[in-house]
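To start, the structure under review is shown below, and the notes come after it.
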Amino acid sequence: GLVNNGAFNLSAGATGRLASGGSGTGTFNAPATAVVEWTAGTFTLDSGSQLNGAGLYRIAGGTLAFNTDVTLANLELNTTLGGLGTVTVNTWMDWTGGTMNGDGWTIIPPGATLNVANAGAVILATRTLENGGTVLWTGANISLTSAAVITNRAGALFVTQGAGALIYGGGASSRFDNSGTFRKSVNTGTTTVSSGAFNNYGTVEIQTGILAANGG
């Protein structure tokens, strides 16, 4: 694996592929059109780690564990994001598969977008996903388990346009807290909130189809 306690610098258009896990306290610097991708093993970002630049950071295999707070521009998740730290994605994030877990937070700030275009179910376990920008959910189910929380802040927008359901798994209570706008549009079928808490302090807009709140 790679132990990065220095600087890992890419040129525009280049790719750095980490296929055996590792760890480090150093920096990754990926300018626009460059890609840093993790494809196997577990890589741990420890205190001091930074993911800089306007390039893409891709979790394509294995686990990327954030044990420190990290801010980055662009992130693609298809396997596992974990750790104790707060991950702030300032421009866009694509969640196409896999799991976000650990006791940390994933934050989508105002002006940023999270695209959840998952072919199969994705899992939020223990972790808090906080949206201050826009979430566009067009894929399959989102499963919340082990006290996972989705928070949609005041002024934020969470849009569901697919056929997926919010599924609540085992363990301590998970919940969805909406203080912004939760909107169902495009898909004329039923979006189900299954057996868990959906707490609305803001606005729910049902523009088409059915929103079924089955959690009581």
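Quick notes on this one:
- Put simply, the amide H of V135, placed in the peptide plane, has neighbours under 5 Å in L114, L157, F158, V159, leaving out anything fewer than 5 places away on its chain.
- Under a Gaussian network description of the chain, with springs only between Cα atoms under 10 Å, the residue in T99, T145, T33 that fluctuates furthest is T33.
- Between T91 and T190, the contour length at 0.36 nm per residue exceeds the Cα-Cα span by 32.6 nm.
- Mean Cα-pair separation over length for the range 23-152, i.e. relative contact order, pairs under 8 Å, 6 or more apart, %: 16
- For the range 81-130, a/c is not less than 1.5, where a ≥ b ≥ c are the root eigenvalues of the C-alpha gyration tensor, and a/b does not top b/c. That puts it in the oblate class.
- Apportionment of accessible area to carbon and sulfur, the chain, percent (1.4 Å): 49
- Take the Cα of A154, step 7 Å toward its Cβ, do the same at Q207, and the gap between the two points is 2.4 nm.
- Neighbours of A112 by Cβ distance under 15 Å: Lys/Arg scored +1, Asp/Glu scored -1, total -2.
- Couplings 3J(HN,Hα) for the range 176-192, derived from phi with the Karplus relation 6.51 cos²θ - 1.76 cosθ + 1.60 (θ = phi - 60°), are 10, 10, 10, 10, x, 10, 9, 10, 9, 8, 6, 6, 8, x, 9, 9, 10 Hz, where x marks Gly and Pro.
- Across the range 96-107, computed HN-Hα scalar couplings (Karplus, 6.51 cos²θ - 1.76 cosθ + 1.60, θ = phi - 60°) run 9, x, x, 9, 10, 9, x, 8, x, 10, 10, 10 Hz from first to last residue, x flagging Gly and Pro.
- Gain on full stretching of the segment that runs from A147 to L84 - 0.36 nm per residue minus C-alpha separation: 21.2 nm
- Placing a label point 7 Å from the Cα of T39 along the Cα-to-Cβ direction, the residues of the range 60-93 whose backbone N falls under 18 Å from that point are 60-64, 76-80.
- Measuring nothing but how far apart in sequence close Cα pairs (under 8 Å, 6+ apart) lie, relative to its length, the range 103-154 scores a relative contact order of 41 percent.
- Label selected from (i) 124; (ii) 104; (iii) 187, the criterion being volume of the Cα convex hull per residue in Å³ as computed here: (ii)
- Sequence of W137, W92 from largest to smallest accessible area, 1.4 Å probe: W92, W137
- Probe 1.4 Å, all protein chains present, accessible-area order of R127, R153, largest first: R153, R127
- Using the Karplus relation 6.51 cos²θ - 1.76 cosθ + 1.60 with θ = phi - 60°, the per-residue 3J(HN,Hα) values for the range 16-22 come to x, 10, 9, 10, 9, x, x Hz, with x marking Gly and Pro.
- 1.4 Å probe accessible area per residue over the range 1-104, in Å²: 38
The values are calculated or read from the model by the stated rules, or taken from the named source; none is laboratory data. Bear in mind the structure is a predicted one, so any value in this text is a computation, not a measurement. Positions of Cβ are backbone-derived with ideal geometry, glycine not excepted, and every protein chain shown enters the neighbour counts. Remember, those area values only see protein heavy atoms, side chains included, never the ligands or the DNA or RNA. Shrake-Rupley method; radii C 1.70, N 1.55, O 1.52, S 1.80 Å.
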